[in-house]
1. Between a residue in segment 329-347 that is more than 21 Å from Ser308 (Cβ to Cβ) and any residue that is among the hydrophobic types (A, V, I, L, M, F, W, C) and outside any helix (DSSP H, G or I), which pairs come within a Cβ distance under 9 Å, given they are 6 or more apart or on different chains?
2. What are the residues in segment 372-388 that are in a helix (DSSP H, G or I) and open to solvent by 20 Å² or more (accessible area, probe 1.4 Å), if any?
3. Within the set of pairs 6 or more residues apart or between chains, which connect a residue that is of a type outside the set (S, T, N, Q) inside segment 266-289 to a residue that is in a strand (DSSP E or B) with Cβ atoms less than 6 Å apart?
4. Could you tell me which numbered condition Gly322 fails, if it satisfies all but one of (1) open to solvent by less than 20 Å² (accessible area, probe 1.4 Å); (2) within 20 Å of the chain's Cα centre (by Cα); (3) under 25 Å from Phe26 (Cα atoms)?
5. Identify, from the list Arg391, Arg369, the residue that is part of a loop (DSSP other than H, G, I, E, B), touching a helix residue (DSSP H, G or I) at 6+ places or on another chain (Cβ under 7 Å) and touching a residue at least 24 places away in the same chain (Cβ under 8 Å).
6. Just name the residue that is farthest from Val365 (Cα to Cα) out of those in segment 260-307 that are of a type in the set (Gly, Ala, Ser) and surrounded by 15 or more Cβ atoms within 10 Å (Cβ to Cβ).
7. Could you please let me know if Lys338 is under 26 Å from Asp137 (Cα atoms) and assigned to a helix (DSSP H, G or I)?
8. Give the residue that is surrounded by the fewest Cβ atoms within 10 Å (Cβ to Cβ), with candidates limited to residues of segment 87-109 that are farther than 19 Å from Gly317 by Cβ and among the small types (Gly, Ala, Ser).
Amino acid sequence: MQSGAFPHLEHNKEIRESVRALCSKFPAEYWDQHDRDHEYAADFVKAFADGGFLGILIPEEYGGGGGTIAEFCAALEEVAASGGALNACSSVHVPLLCVPSILAFGTEEQRRTLLPEVAAGRLLITFGVTEPDAGTDTTRISLAATPRDGGWMLNGTKVWNSGAPYAQKVLLLARTSQPAPGGRKGDGLTLFVTDLDRPTLEMQPIPKIGRNAFGSSELFFNDHAVGPEDVVGEVGHGFYHLLHSLHAERLYLAAVAMGIGRWCLRAATRYAAERVVFDRPIGKNQAVQHPLAADYLQLLAAGQVLQSAIEACLQQGPGAIGPIANAAKYLTSEAAWKTADDAMQTFGGYSFAREYHIGRHWTEVRLQRIAPVNNQMVLNYIAERVLGLPRSY
């Protein structure tokens, strides 16, 4: 593929080159083995942290690099494009999901205690938002925080806690009160950060069809005590504090999708040029050329929207970029998924051979159309917030 094929790669070139150099020590075969063995890539995470990349988003006063979301997204995209795909990226972006909310709303004690450990790779804080009976409707979560002894007692369940098997803490959303009549549905929800290694918390691993180098679990809280020092932000306003992290997460995942899409396009075009059938490279056939050319154009456009979203975040902050952040997530995940699927078709039967790594990328990027928010909900959001259409749900 020609140099300059994706203009957005001209941004943060030094970080991209450094991350590529680091990832060259962890090739696609490394990630295939960890995925097959359901093994956490602890040595990769340590190398990423030692290189300063895990602390990019954390201010220097809290042990980080004092960088921006633009630099972290560039790093994530290159991790994905290296062949690590979602397994690799999850292992280094999930610990940072808590950072925007803690920086904006946490106490100084929380920032000084937690953030240096996150930056150093010694602390993984999983995200505890989704529940079995609430799904995408976050305001309907039922994990209850009942006042007791000057604090709260948590009872209920969280599901799809990515990285929980290796985490020490969880940042979770719980209901401390019901909204007032006529009030906003998100009122009465509170953010807490609490330890996972407690007898009042049970963890159940979730068997999955992919992304198995980064496990997910269901968490069961049974009279789990938390104190005032565990509250992040203002009691009853946790849902709105959480938006800082959720909008940033849209950009992280968009960068990951771009990286996966680039890897799949590169692999497919190389194979199409080299694979000879009927005495000619299959890349001479328009039935092979046209889908890949269209994939490139979709990735090109998605990359430009992602860059616009990143620039908006730098100017306005993560709490104010809902429409463009959701647009970037939707466009990159759809473009990357289509590219991965066309790569499967280009490789034909060999796409099911693990040695080519196409199937792993195909499976992992398919997840990005579903999580952390499914693309149908993104379309609902755009229809309501941008087009002004009535709420459909």
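The values are calculated or read from the model by the stated rules, or taken from the named source; none is laboratory data. Keep in mind that this is a model prediction, so the values were computed, not measured. Positions of Cβ are backbone-derived with ideal geometry, glycine not excepted, and every protein chain shown enters the neighbour counts. Calculation scope for accessible area: heavy atoms of the full protein, side chains included, ligands and nucleic acids excluded. Shrake-Rupley method; radii C 1.70, N 1.55, O 1.52, S 1.80 Å.
1. Listed by first residue and then by second, the contacts come to Phe347/Ala353.
2. Quick first cut of segment 372-388, residues in a helix (DSSP H, G or I) only: 375-385.
Within segment 372-388, Gln376, Met377, Leu379, Asn380, Tyr381, Ile382, Ala383, Glu384, Arg385 qualify.
3. Pairs found: Ala273/Pro281.
4. (3)
5. On the way: Arg391 fails: touching a residue at least 24 places away in the same chain (Cβ under 8 Å).
None of the other options fit; the residue is Arg369.
6. Here is the first cut: in segment 260-307, the ones of a type in the set (Gly, Ala, Ser) are 261, 267-268, 272-273, 283, 287, 293-294, 301-303.
Right, trim to surrounded by 15 or more Cβ atoms within 10 Å (Cβ to Cβ) and you get 261, 267-268, 272, 283, 302-303.
On the way: Gly261: 8, Ala267: 15, Ala268: 16, Ala272: 21, Gly283: 24, Ala302: 15, Gly303: 16 Å.
Selected residue: Gly283.
7. Numbers: under 26 Å from Asp137 (Cα atoms): no; assigned to a helix (DSSP H, G or I): yes.
When the stated conditions are applied, Lys338 does not pass them.
8. The qualifying residue surrounded by the fewest Cβ atoms within 10 Å (Cβ to Cβ) is Ser90.
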